[in-house]
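The values are calculated or read from the model by the stated rules, or taken from the named source; none is laboratory data. Here the structure is a predicted model, which is why all the values come from computation and not from measurement. Backbone-built Cβ (ideal geometry, glycine too); neighbour counts: all protein chains shown.
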């Protein structure tokens, strides 16, 4: 495709865009040593948007011929007219910049460079420790996503992005002495951009030994006690805390009311930008699409806006929100280049990308040493939050008591609840750069119709004070 | 959609080597989505998507490849290329000891022509009825198609056009009345009546909200709230694999140790559901499978894989062995008497963001939402500030279940992350003696 060919396919309109997406996804999985049928997905299509008379419509199609795109454009034009006849107040469609950009994930060891047999062998080697273990269930998975997106705009913009993501997973279930099962896993947030070198970076090939040891400890561990305690969250629990309790509340389209029927609203209002003390002075949060290897890095969003790093929370003060050019125009607030769609079949909306807690100065040992009576939580297990993103309840797979500055016994089903409005002001310790980990999940859900995108959350371990902690049943 | 799928199947099966068995599953939709904010159009568009899943089987080795079809002449060559890629994969994978394939072809065809008007007409009717309100949500209109074809001869097709309205009319902040409507036939006056009824109840939401302290309260969960609860607990409660491996939230019941209330009878009711009776790989779902009878486990949902693994018959359940068309049988409490029976407590219209706190014990948490009210002496007094419940299944559907209402409501799933879904929940409302609220 090129701009001229596309222009010739378009009906009369004020502006148009075409976003073509090709995704190749492969998954290999061992289920207690038995290889599940390998799956491959070849996902391809394009979304055409048409602006006409102040309204915008879209149509998505897998027919990428000129006639197929024209048919989609005609349907999109019908929707543009319908939108123009029922206009949303304050909705002024911003122009797409007439810029070009190109982005490609750096992959040192490309996925396709290893044969299928070799990847199966790697999974089998990594799970040798689990073969004869006394486990109710174990699963190990390697998933690769290779996505190429081309965006053309009527203004002459053209953006090419080639994003490669690796999504490894290992999960173990053991029967608990108290009945039922306990789980220990690599977590749901170990996704990253890159090639097979990601597996080495996260220790995939040897993690089974540690997980097996820890699930056995959990199986005979007591339930986490109840009480108001200090809470030390590992980076793989911080990921969900950031996601649910900072990321989603700061989405500008929530503030504008678009998500209220499904994903919800937010306790954050536009007036809070520049005035609301979101967290303690130790809290610094950035929107950063420039981090090499983080799962949601990119050069421009799905409207063609160049992606730049911005601080959202500065020494605890809320200074910027997550909104793309359309939401920024509606709200009259600055935002970030975050308007993204999950596939060619969904229209772009405000999303998190990489949303990171910047490191502080404490080592993990420093943070533990500060705790008189608390719990250290690793690897998210459960999550729930209200539709204003305020009252939350999370739990983790693995907990350890901390008493008088030292790690103690393992505890099972550690959970905690709190309110986003106040929680982050209890932040009293932030790990240093050496303790920071990159985490990323492909499973952030939102929108009507629904869509799931990848989001990254890099964080060090963080310490919070006086949190309502509890255990299982 | 049906003709294109069957023609492509015939093409791919022609010349297939005797050693190969090829199964095809097709999911397709042509959906109009109109999204609203403040009773105006926020985003509107059409998605035309056809996904073909190919599974190549050679002996006990198999692999799958999913491919998006364009609906043009390139589909055949691309599908053939996919088949060649599958051959290279199958050549290197080991045998699967848990492979189960249908042996007796069972054909079916269920294709209903659409009676729906153009989505712009439905949308215009809605916006006219909701003019001046703060309507938020989405209207979805159009056909869905499911097809299965096996080189051994089986053919199954299903096509149905429907509309689904999932919207709320907001009074302010997080307080709203739901306007949810779905069907195969559109009736403008019915839609207008639903909108009018929701708008008539908005003044209640403008009353000062009541803030509760954590504790235990009497509660009535409306059918939509019960549907959300069932959606979570049916994820693993009836799974053969989850029971065998011990991570099922109703494990004590399956082990005969404790049971739910005798009021609870649950079926997987494929005949009354919204989707086809055949699964992705050609197995047929029974018309009705009783999962719980008066609180006691009966049948389990068994995927083909679990059937092979445990040496039992498959029920055509999907890989996750969760319900697809669950029915919780009604009780005897007249719906009109629910508030009086509640007396003083919570009227919960909807629940939000449910998750297990401890799946081994069936402990679940979630939030109240939308038009949840505080009730005194059978009368709505005030809207409730959202509260978190944190309670166990053996209480909510066990010791604390006082009554179920006498009528079930259909709640089609709204989750269309992977495309239009045919999952559904039919539930009555539930009156609880006590529900534990946490924050």
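Tabulated results
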| item | result |
| --- | --- |
| Residue match in the stretch A:253-260 (condition: closer than 15 Å to residue A:377 by Cβ, in contact with a strand residue (DSSP E or B) (Cβ under 7 Å, 6 or more places away or on another chain) and either more than 13 Å from every other protein chain (Cβ to nearest Cβ) or in a helix (DSSP H, G or I) (or both)) | no |
| Number of positions in the stretch A:56-67 that are more than 7 Å from chain B (Cβ to nearest Cβ) and in contact with a strand residue (DSSP E or B) (Cβ under 9 Å, 6 or more places away or on another chain) | 1 |
| Breaking point among (1) crowded, with 24+ Cβ neighbours inside 10 Å; (2) closer than 29 Å to residue B:370 by Cβ; (3) more than 14 Å from chain B (Cβ to nearest Cβ), for residue A:318 | (1) |
| Any hit, the stretch B:401-409, residues being in contact with a helix residue (DSSP H, G or I) (Cβ under 9 Å, 6 or more places away or on another chain), buried (at least 19 other Cβ atoms within 10 Å of the Cβ) and without any contact (Cβ under 8 Å) to a residue 60 or more places away in the chain | no |
| Boolean, residue B:55 is buried (at least 20 other Cβ atoms within 10 Å of the Cβ), within 13 Å of chain A (Cβ to nearest Cβ), closer than 30 Å to residue A:32 by Cα and touching a residue at least 24 places away in the same chain (Cβ under 8 Å) | yes |
| Strands (runs of 3 or more DSSP E) contained entirely in the stretch B:339-412, each with at least 3 residues that are more than 8 Å from chain A (Cβ to nearest Cβ) | B:345-348, B:373-376, B:379-383, B:401-404, B:409-412 |
| Filter result for residue A:26 (within 23 Å of the chain's Cα centre (by Cα), under 21 Å from residue A:101 (Cβ atoms) and either surrounded by fewer than 20 Cβ atoms within 10 Å (Cβ to Cβ) or modelled with pLDDT of 95 or more (or both)) | no |
| Candidates A:382, A:395 - the one that is within 11 Å of chain B (Cβ to nearest Cβ), under 21 Å from the mean Cα position of the chain (by Cα), crowded, with 24+ Cβ neighbours inside 10 Å and assigned to a strand (DSSP E or B) | A:395 |
| Residue B:144 vs. criteria within 14 Å of another protein chain (Cβ to nearest Cβ) and over 19 Å from residue B:36 (Cα atoms) | yes |
| The one condition in (1) away from chain B (no Cβ under 13 Å); (2) in contact (Cβ under 8 Å) with a residue 12 or more places away in the chain; (3) surrounded by fewer than 23 Cβ atoms within 10 Å (Cβ to Cβ); (4) not in a loop (DSSP other than H, G, I, E, B) that residue A:244 fails to fulfil | (1) |
| Candidates B:307, B:382 - the one that is closer than 17 Å to residue B:240 by Cα and either in contact (Cβ under 8 Å) with a residue 40 or more places away in the chain or touching a strand residue (DSSP E or B) at 6+ places or on another chain (Cβ under 6 Å) (or both) | B:307 |
| Residue within the stretch B:322-338 that is farther than 16 Å from residue B:430 by Cα, under 23 Å from the mean Cα position of the chain (by Cα), in contact (Cβ under 8 Å) with a residue 24 or more places away in the chain and within 13 Å of chain A (Cβ to nearest Cβ) present | no |
